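Engineer: Can you read through this structure? Questions will come right after.
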Amino acid sequence: MTGPVVIGVDLGTSAIKIVAVGRDGDVVATARCGYPTRRPEPEAAEQDTQHWWEALGTAGDAIAGMVAPQRWRAIGLSAMLPTLVELDAAGKAVGSAITWEDARAEPQADALRATIGDDVLYQITGQRVDGRYLAPMHARLRGLGRTGAIVAGAKDVLFHQLTGHLLTDPSTAAGSAVFDLEQGCWSAELVAASGGFEVPEVADAATALPLVSSWRQRWGVAGDLPVVLGAADSVLGALGVGAVAHGDVGVIAGTSAVVLGISDRPVRDPARRYLVTPLAGSGWGLEMDLLAMGSAFDAVAALFGLGGPADLLELAGAVPVEEAPLFLPYLSPGEQGALWDPGLTGTLQGLRLGMGVGHIGRGLLTGIVVELRRCIDVLAMTTGRSGPVRLGGGSAVSPLMWQDIADATGREVWVDPVVTDHSTVGAALFAAAATGDPIVRDDAPRIIEPRAERYAWWTDCLVRHDDARLGRR
């Protein structure tokens, strides 16, 4: 293939991922480069932004080596959310980035909720605010004397790195806890209640500015190359798996799992079980996030000295689901799915002599699928639709998981047979549309049919998990 391509970049939790997508929708090149997360104390998760830019250079060099930069037509961006980067007045990072896995700002979130009120905060922001949002994270750092002049998100600084301009989009701004969802701007009331701080200008996700000369020279790009501001990884992940119409559901399984339903209205949930996130174009995402997905498989696999999640799930596949122990999968700790409780922790019940690693892996997978069903059921009730579940992400590669989700929800599961980095692909697709030359991917999904006779078992399983979580016998 020698035609033009669009580049997608996703600044993820553990690695930066880059893809090149051709005009026919095929992914013609992929690259990734990881970086470490520091955990200097319990519930901490910090990263060095310089490691991000080193990884960006390494992965970008690899793409440039596979696809001539003369063929690049645009770059689209996505990133993890919420992740705090404190900047000085010149736009330079102050200290470490605080990622969404960091749970140390719960007292500051409690204070903001006490000042504003849970219901009022949800109505203004569409968010169920806890200590993983930027405003509480910033307040914690302010108490330690470690703040900068500007509060920014990960994708904001990625756009700044590539274009020299600091901007945010509405979906990224929603992760701050101070963004007015309906007005599409920062809430002066909430910023003041959070102690006051400077934030980037909010711009349309389709905003495009040229790549700066330093990156053009490094990658051999001739002339201006538009960099599209893009959106949060959840929003563009849903786009990448094809969840675009009212009632569609996308599940993006990575370090965490994003369950995002598409809605034509920003409808709030009286029980505040989901977040309301602006999409990159028109419409809204009704979002729930399971905090431990790929990270949970990684941790359990490492605990038993396995090579990785694939080994764990292979062993799990040999265990009948009825014979697995009960595993409440809240390992982060806390949960932000249909259950929203920062105090939840992982629990393993029902171990017996004769059980092995496969039984524990099977229990973990079952627990995660129970939580996915809980989320998907809420979205179906809200949108009035129960279509296929569109599944993607690097942690969604197990056929065992595909069938479990189909059986538990009673819905078809559509799996992309080619791509795993759907947020990255979504960033490329959005950038193509934003620059006037849209790409349509026509890969036929692999469709997993639900087994109707299994639905009742999964319903009973959900009840058993609730009984264990609530301490009921």
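The values are calculated or read from the model by the stated rules, or taken from the named source; none is laboratory data. Just so we're clear, the structure is a prediction, and the values are computed from it rather than from any experiment. Here Cβ is always computed from backbone atoms with ideal geometry, including for glycine, and neighbour counts include all displayed protein chains. Accessible surface is based on the protein model in full, side chains and every heavy atom, while ligands, DNA and RNA are left aside. Shrake-Rupley method; radii C 1.70, N 1.55, O 1.52, S 1.80 Å.
Engineer: Starting from the Cα-Cα distance between ALA114 and MET355, subtract it from 0.36 nm times their residue separation and give me the gain in nm to one decimal. Kindly include the intermediate steps, with their values, before the conclusion.
Structural biologist: Working: separation 241, 0.36 × 241 = 86.76 nm, distance 4.66 nm.
Extending this stretch completely gives an extra 82.1 nm.
Engineer: Still on this model: Under 8 Å for C-alpha pairs, at least 6 residues apart: give me the relative contact order for region 5-234, rounded to a whole percent.
Structural biologist: Details: 494 pairs, mean separation 48.4, N = 230.
This gives 21 percent for region 5-234.
Engineer: If you average the sequence gap of Cα pairs under 8 Å that are 6 or more apart and divide by the length of the chain, what percent do you get for the contact order?
Structural biologist: Value for the chain: 16 percent.
Engineer: Take the solvent-accessible surface of the protein heavy atoms, probe 1.4 Å, and return the percent of it on region 5-234 that carbon and sulfur atoms account for.
Structural biologist: Percent of accessible area from carbon and sulfur atoms in region 5-234: 49.
Engineer: Also, quick follow-up: Calculate, in nm to one decimal, what GLU314 and VAL267 gain on full extension: separation in residues at 0.36 nm each, minus their alpha carbon distance. Working shown, then result.
Structural biologist: Values: separation 47, 0.36 × 47 = 16.92 nm, distance 4.05 nm.
Length gained, GLU314 through VAL267: 12.9 nm.
Engineer: OK, next. For LEU462 and ALA203, calculate 0.36 nm times their separation in residues minus their Cα-Cα distance, and state this gained length in nm to one decimal.
Structural biologist: Details: separation 259, 0.36 × 259 = 93.24 nm, distance 4.20 nm.
In short, 89.0 nm is gained.
Engineer: I would also like to ask the following. Of the trypsin sites (Lys or Arg not before Pro) in region 320-410, which ones lie in a loop per DSSP and count no more than 12 other C-beta atoms within 10 Å? Kindly include the intermediate steps, with their values, before the conclusion.
Structural biologist: Details: sites: ARG352, ARG362, ARG373, ARG374, ARG385, ARG390; in loops: ARG352, ARG385.
Here the sparse-neighbourhood loop sites are ARG352.
Engineer: May I pose another question? Within the set of other residues whose C-beta is less than 15 Å from the C-beta of VAL21, count the net charge using Lys and Arg as +1 and Asp and Glu as -1.
Structural biologist: Working: positive: LYS17, ARG23, ARG71, ARG73, ARG441; negative: ASP10, ASP24, ASP26, ASP416, ASP421, ASP437, ASP442, ASP443.
Local net charge: -3.
Engineer: Using the Cα centre as the reference, give the magnitude of the dipole from point charges on the C-beta atoms of the chain (Lys, Arg: +1; Asp, Glu: -1; all else neutral), rounded to the nearest 20 debye.
Structural biologist: Working: 37 positive and 55 negative charges, 56 e Å.
I would put it at about 260 debye.
Engineer: Considering the options VAL276, VAL369, VAL418, tell which one lies farthest towards the positive end of the dipole of region 242-472, charges being +1 on Lys and Arg and -1 on Asp and Glu at the Cβ, about the Cα centre.
Structural biologist: VAL276
Engineer: Leaving out ligands and nucleic acids, note down the accessible area per residue over the chain with a 1.4 angstrom probe, in whole Å². Before the final figure, lay out the partial values.
Structural biologist: On the way: 17590 Å² over 473 residues.
Roughly 37 Å² per residue, with all protein chains present.
Engineer: Could you tell me the center-to-center distance, by alpha carbons, between region 215-259 and region 89-104 in angstrom?
Structural biologist: Their Cα centres are 22 Å away from one another.
Engineer: Could you tell me the relative contact order of region 1-98? Use alpha-carbon pairs under 8 Å, at least six residues apart, and round to a whole percent.
Structural biologist: Working: 166 pairs, mean separation 31.3, N = 98.
This gives 32 percent for region 1-98.
Engineer: With a Förster radius of 35 Å, plug the Cβ-Cβ distance of THR347 and GLU41 into 1/(1 + (r/R0)^6) and report the FRET value to the nearest 0.05. Don't jump to the answer; show the numbers that get you there.
Structural biologist: Numbers: r = 24 Å, r/R0 = 0.67.
The calculated FRET efficiency here is 0.90.
Engineer: Separate question: For the chain, what does -39500 (n - 2.57) per DSSP helix run (n ≥ 4), summed and divided by total residues, give at 222 nm, in deg cm²/dmol to the nearest 500?
Structural biologist: Details: 15 runs with 169 residues, N = 473.
Calculated from helices alone, the mean residue ellipticity at 222 nm is -11000 deg cm²/dmol.
Engineer: Say each of VAL244 and GLN183 gets a label point 7 Å from the Cα, pointing the same way as Cα to Cβ; how far apart are those two points in nm?
Structural biologist: 3.3 nm
Engineer: So, one more: In whole percent, how big is the carbon plus sulfur part of the accessible area of region 242-472, probe 1.4 Å, protein atoms only? Walk me through the intermediate numbers first.
Structural biologist: Details: 4820 of 8840 Å².
Roughly 54 percent of what the probe reaches on region 242-472 is carbon or sulfur.
Engineer: Same structure, new question: If Lys and Arg each add +1 and Asp and Glu each add -1, what is the summed charge of the other residues whose beta carbon sits under 13 Å from the beta carbon of ARG446?
Structural biologist: Numbers: positive: ARG390; negative: GLU412, ASP416, ASP443, GLU449.
Result for the local shell: -3.
Engineer: Tell me the net charge near ASP466. Cut-off is 10 Å between Cβ atoms, ASP466 excluded, with +1 for each Lys or Arg and -1 for each Asp or Glu.
Structural biologist: Numbers: positive: ARG374, ARG464, ARG469, ARG472; negative: ASP467.
Local charge sum for ASP466: +3.
Engineer: Moving to a separate point now. Which Cα, out of HIS165, ALA149, PRO136, lies furthest along the positive dipole direction of region 5-234 (beta carbon charges, K/R +1, D/E -1)?
Structural biologist: HIS165
Engineer: Could you work out how far apart the two model spin labels at GLU453 and ALA149 are, taking each label as a point 7 Å from the Cα in the direction of the beta carbon, and quote it in nm?
Structural biologist: 6.9 nm
Engineer: Taking a quarter of the surface of the Cα convex hull of the chain, what do you get in nm²? It would help to have the intermediate numbers written out before the result.
Structural biologist: Details: hull surface 85.1 nm².
So the Cα hull casts an average projection of 21.3 nm².
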